[in-house]
Amino acid sequence: EKLDMSERFHHLLSTLPPAHELLTHDVLRSLPLPRRVVTQTASSRDPSASPAQSPNPRGNQRVDEAAEQVAPGCGANLRGDHAPLKSGEVACDYAMFMPSELPAAWRSLKFLLVPGLLTKMLSHLAMAQLQADLKRLGLQTRFSTIDTDQPLRVNAGVLRHEILELAESGSRVILLCHSKGGCDAVAALSLFPELLDAVAALVTLQAPHSGSVIAHDLAHTDVQRSVALAAIEKLLRGSKHAVLDLSYDNRQAFIKRHPFPGDVVPTLCVACCERRPISLLRPAIDYVALRYGEKSDGCVCQADATLPGCPFVKIHDMDHFGPAWRSFPATDSYDPARLWLVCASIAMCEAATRSDELKGL
């Protein structure tokens with residue numbers, strides 16, 4: 001129950017202006033973030049370490065910690081006093097904002113959008129409005145160049161280069177990942193520990209972390225397997241392993257072999273299902289419910305979209321199109337930009353709160 005952030009998610013979302021109103025900087029000011037950003041040098045972690053020896057190519061790491069709460073339930077130091085700083089740490093308080101400026105805490109972050117499977121042909125459409133909204137707010141946003149139809153390990157390598165490149169200036173990166181993009185990002189963070197210092201938060205929506213029923217069925221039915229995988233390889237010029245990697249057997253084997261560092265990376269997983277009859281994915285939703293007795297968004301079961309030990313949000317009125325599309329083919333009432341920003345806020349604040357609890361603050 002402590003990991004279920006659904007109530008906080010809906011509360012924060014309800015405090016924002018309605019979806020038909022234009023997003024402004026006031027929206028960002030109303031979303032809590034850890035108030036203090038702590039910069040910790042390599043020498044403060046290990047006196048004998050030099051920048052060349054540091055696992056981070058930049059020679060330093062930036063660690064977000066909460067010392068005061070900005071809104072109820074975030075960064076739980078209610079007294080308003082700061083935790084003592086360790087040697088080598090410098091506190092930067094972003095409590096005050098100019099009314100017309102982008103809040104500094106948000107300005108210090110960079111956003112990397114990681115799309116899902118089979119979207120490379122629609123890269124100019126899927127998540128495009130989200131990217132436009134974030135850029136209009138002044139947020140530093142980049143769309144990942146991964147080939148969504150390639151295996152997890154291939155895309156993990158691409159994401160490694162992109163994250164390190166974005167973090168060269170000392171900024172930290174928030175990964176906003178949809179569907180298979182969440183599995184690609186988890187693979188990158190699990191395989192390349194040098195990325196951990198550079199990532200401020202990981203948000204995955206509808207990612208088949210435990211596996212995908214669709215991929216599982218394709219992997220275990222001869223006719224459907226041959227047709228679908230041939231289409232991916234010959235028509236889309238992708239790899240069959242982009243789908244096979246998402247089968248239950250392969251996902252469980254990967255997670256066991258490469259545990260996700262959820263205790264280090266602030267993470268929020270959003271798991272969805274769609275109960276309304278108007279979804280274009282209704283046939284797939286009914287198929288999963290009939291065959292497996294599971295609630296799903298049409299591609300991923302709600303029960304499969306979370307990572308062990310990581311905070312999560314459950315949404316019960318969104319299909320698999322929802323997070324990437326503002327309108328058709330999505331049929332829900334959620335605005336993607338508000339949805340993703342609220343999730344990023346919760347991921348960072350919850351991690352800061354848990355960190356404070358571990359320290360006994």
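The values are calculated or read from the model by the stated rules, or taken from the named source; none is laboratory data. Model, not experiment: these values are computed from the prediction. Virtual Cβ from ideal backbone geometry, glycine too; neighbours counted across all protein chains shown. All accessible areas refer to the heavy atoms of the entire protein, side chains included, with ligands and DNA or RNA removed. Shrake-Rupley method; radii C 1.70, N 1.55, O 1.52, S 1.80 Å.
Just to be sure, is L244 open to solvent by 10 Å² or more (accessible area, probe 1.4 Å) and modelled with pLDDT of 95 or more? It is false that L244 is open to solvent by 10 Å² or more (accessible area, probe 1.4 Å) and modelled with pLDDT of 95 or more.
Every residue, every condition in (1) modelled with pLDDT under 95; (2) part of a helix (DSSP H, G or I); (3) touching a strand residue (DSSP E or B) at 6+ places or on another chain (Cβ under 6 Å); (4) open to solvent by 10 Å² or more (accessible area, probe 1.4 Å), yes or no:
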{"position": "T148", "(1), (2), (3), (4)": "yes, no, no, no"}
{"position": "G157", "(1), (2), (3), (4)": "no, yes, no, yes"}
{"position": "G170", "(1), (2), (3), (4)": "yes, no, no, yes"}
{"position": "I174", "(1), (2), (3), (4)": "no, no, yes, no"}
{"position": "C177", "(1), (2), (3), (4)": "no, no, yes, no"}
{"position": "V186", "(1), (2), (3), (4)": "no, yes, no, no"}
{"position": "L189", "(1), (2), (3), (4)": "no, yes, no, no"}
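Filtering the range 278-324 to residues that are in contact (Cβ under 8 Å) with a residue 60 or more places away in the chain, hydrophobic (A, V, I, L, M, F, W, C) and open to solvent by 50 Å² or more (accessible area, probe 1.4 Å) leaves only A303. Is the range 341-361 home to any residue that is open to solvent by 10 Å² or more (accessible area, probe 1.4 Å), not in a helix (DSSP H, G or I) and not small (G, A, S)? Looking for residues that are open to solvent by 10 Å² or more (accessible area, probe 1.4 Å), not in a helix (DSSP H, G or I) and not small (G, A, S), one finds at least one in the range 341-361, hence yes.
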